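Read through the structure below, which is laid out as structure tokens, and then see the notes.
The values are calculated or read from the model by the stated rules, or taken from the named source; none is laboratory data. Only a predicted model underlies this, so the values are computations on that prediction, with no experimental measurement involved. Here the Cβ positions follow ideal geometry from the backbone for every residue, glycine too, while neighbour counts run over all protein chains shown. All accessible areas refer to the heavy atoms of the entire protein, side chains included, with ligands and DNA or RNA removed. Shrake-Rupley method; radii C 1.70, N 1.55, O 1.52, S 1.80 Å.
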Amino acid sequence: MELRPDKFKLIAGDLSLDLVNTASSWRRTDKACIPAHDSFVDVGDLVSWAVKANAIGENAARDLLKSTGTKDAGESSLRRARKLRAAIYGLSIAMAVDDRPRSNDIEYLEKERLRAIESQKIEYADGRLELRHRSGAGLLEVVLDSVVLAAIDLFTSERAKRIRICGGESCGWLFVDDSRGRNRHWCDMRDCGNLAKVRRFRKKAARDDGRDPQK
Ligand SMILES: [Zn+2]
């Protein structure tokens, strides 16, 4: 497995939504949300995403791939990442469309919250207390704990009301609209924003020519 952080883009303005955006074409069933497309093919992708998200340094990531890449610990972190991602997606999409989130997504995040808090401890250092991770926690588990805490921060703040879905056709990525005018529509102006601009331009040109804009 190799490190390929450039496979991922961070556009969400929030660590937990950036994790959600590693999958797309989600289908909502009664029980869970399932993505048709998943950028996490193996543990190497999760480690690469963590590097891209500045949650792990590159050297630590290489060591991690050498040591746990193919072992059970890595696989179980990958399973946890996927479950967590689906729950965060379910909660985010409900908030984005002003709907009541499913209770099993809330329960799952609550379970994860308790787990993340449990994995931390306070220690005295340099005249104050510091939050540290209990020794023995795997690096990927520490990263996923940070994602959980970021999601809790987001969902319990006013920013939860500014979770948006990209307006690009068949994009579906999520982000927090922190723009000054609260008028961000696109995951990225260079991608979906630009495509929409081109489409508008073509439609206008076709109207001016009296042509059918669909052709
Ligand atoms: Zn988009």
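Could you check how much of the accessible area of the chain is carbon and sulfur, as a whole percent, using a 1.4 Å probe? Intermediate results must be reported in sequence, preceding the final value.
Numbers: 6310 of 12710 Å².
Carbon and sulfur: 50 percent of the exposed surface of the chain.
I'd like to compare 122-130, 190-198, 143-151: which one has the highest average count of other Cβ atoms within 10 Å, and what's the full order after that? Before the final figure, lay out the partial values.
Working: 122-130: 8.1, 190-198: 14.2, 143-151: 22.1.
In descending order of packing, they fall as 143-151, 190-198, 122-130.
Suppose the Debye formula is applied to equal point scatterers at every Cα of the chain; what is log10 I(q)/I(0) at q = 0.09, 0.13 Å⁻¹?
Ignoring solvent entirely, the Cα scatterers give -0.42, -0.80.
Sort out for me the Cα centre separation of segment 1-77 from segment 130-201, rounded to whole Å.
With segment 1-77 and segment 130-201 each reduced to a Cα centre, they are spaced 15 Å.
Return one number: the angle in degrees, 0 to 90 and rounded to the nearest 10, between the long axis of the Cα atoms of helix 139-155 and the longest principal axis of the Cα atoms of the chain.
Once rounded, one gets 50 degrees.
At 1.4 Å probe size, with every protein chain present, just tell me what the per residue accessible area of the chain comes to in Å². Each step should come with its number before you reach the end.
Details: 12710 Å² over 215 residues.
Heavy-atom accessible area per residue stands at 59 Å².
State the Kirkwood hydrodynamic radius of segment 110-215 in Å, one decimal place, computed from all pairs of distinct Cα atoms.
Working: mean 1/r = 0.0560 Å⁻¹.
Radius from the Kirkwood sum: 17.9 Å.
Calculated from DSSP H runs of 4 or more alone, at -39500 (n - 2.57) each and per residue, what is the 222 nm mean residue ellipticity of the chain, nearest 500? It would help to have the intermediate numbers written out before the result.
Numbers: 7 runs with 101 residues, N = 215.
Helix-only estimate at 222 nm: -15500 deg cm²/dmol.
In this model, which of LYS9/LYS197; LYS7/LYS204; LYS7/LYS121; LYS161/LYS204; LYS31/LYS66; LYS83/LYS121 are farther than 31 Å apart at the alpha-carbon? If you can, show how the numbers build up before the last one.
On the way: LYS9/LYS197 21 Å; LYS7/LYS204 35 Å; LYS7/LYS121 34 Å; LYS161/LYS204 34 Å; LYS31/LYS66 36 Å; LYS83/LYS121 25 Å.
Going by Cα-Cα distance, LYS7/LYS204; LYS7/LYS121; LYS161/LYS204; LYS31/LYS66 fall outside the 31 Å limit.
Segment 1-43: which trypsin sites (Lys or Arg not before Pro) are DSSP loop and have at most 13 other beta-carbon atoms within 10 angstrom?
Values: sites: LYS7, LYS9, ARG27, ARG28, LYS31; in loops: LYS9, LYS31.
Within segment 1-43, the qualifying trypsin sites (Lys or Arg not before Pro) (loop, at most 13 other Cβ atoms within 10 Å) are LYS31.
Rank by packing, highest mean first: peptides 12-23, 103-114, with packing defined as the count of other Cβ atoms within 10 Å averaged across residues.
Details: 12-23: 23.6, 103-114: 15.0.
Result, highest mean first: 12-23, 103-114.
At a probe radius of 1.4 Å, what is the per-residue accessible area of THR29, in Å² to the nearest 10?
40 Å²
What full-extension length gain, to one decimal in nm, is calculated for GLN120 and ASP38 as 0.36 nm per residue of separation minus the Cα-Cα distance? Please list the in-between numbers first.
Values: separation 82, 0.36 × 82 = 29.52 nm, distance 2.99 nm.
Between GLN120 and ASP38, full extension yields 26.5 nm more.
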